[in-house]
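Report on the structure given below.
The values are calculated or read from the model by the stated rules, or taken from the named source; none is laboratory data. Remember, it's a predicted structure, so these values are computed and weren't measured experimentally. Note: ideal-geometry Cβ built from the backbone for every residue, glycine included; neighbour counts use all protein chains shown. Protein only, heavy atoms only, side chains kept; ligands, DNA and RNA dropped before computing areas. Shrake-Rupley method; radii C 1.70, N 1.55, O 1.52, S 1.80 Å.
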Amino acid sequence: MADATELTRRTMLVVGGTGVAAGALTLAGCGPGGEADAPATTDASTPPSASEPPPSAEGGGSAAAGDEIATLSEVPVGGSVGVDIDGEPALLAQPEAGRVVAFSAICTHQGCVVAAAGDRLECPCHGSVFDAATGEVLQGPAIDPLPSIEVRVEGERVVSGA
Ligand code: FES
C-alpha cells in the first residue's frame, strides 16, 4: 500500500528526463564535488574499508517481490532516480516510456553510493560513470557494471521482482 508516509521513507533523487520532481524528495548520496544539505543516511564521499560491508541506507521498508518501489511518473523518461530497494540504495531509470530498469547504487569500484544524473549514473568518489539504461561502465575507474535488480511495471506502479 502506497501512501504519503511510505513515499517519504524512500530516499529519492530525480535528475534529468522530463524535469525535476522537487518537494518531498531528498538526496540519495551527495553530488560530485559537494556536500548535500539533506541528512544523508550514508557518507557517499568515503569508500568503506575493505573489512566493512558497503554502506546501506537506514530505515526504509523492505521491498518484497511485488512491492511498489515508485510510481511510473516518479521515474523520468530518459532519466533516473535514486530509491531504496530492500533498504539498499538503488537506481531506477526509464530509458523509454513504460520500460523501467533498476540497478544497485553501490559502486563496483569501492562501494560508494552512485547518484542518478539523468541518463547517466555518477559515482562521487572517484568519478566512475555508468549508463542509466544498462548499468554498463561509461567511465572508470570502475570496471564492472552496476548489478541489475529485477523490477517490472504494473500499470502506474514500479514494483520489485520479475
Ligand atoms: Fe565509485 Fe570509486 S567508489 S568510482
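Scanning the stretch 124-154 for residues that are away from the ligand (no atom under 16 Å from the Cβ), touching a residue at least 60 places away in the same chain (Cβ under 8 Å) and not in a strand (DSSP E or B) yields nothing.
Step by step: first the residues of the stretch 107-123, then only those that are of a type in the set (Gly, Ala, Ser) and assigned to a loop (DSSP other than H, G, I, E, B), then the one that is nearest to the ligand (Cβ to nearest atom). Which residue is that?
So, considering only residues that are of a type in the set (Gly, Ala, Ser) and assigned to a loop (DSSP other than H, G, I, E, B), the one nearest to the ligand (Cβ to nearest atom) is GLY111.
Number of residues in the stretch 87-106 that are free of Cβ contacts under 8 Å to residues at least 40 places away in the same chain, open to solvent by 30 Å² or more (accessible area, probe 1.4 Å) and in a loop (DSSP other than H, G, I, E, B) equals 1.
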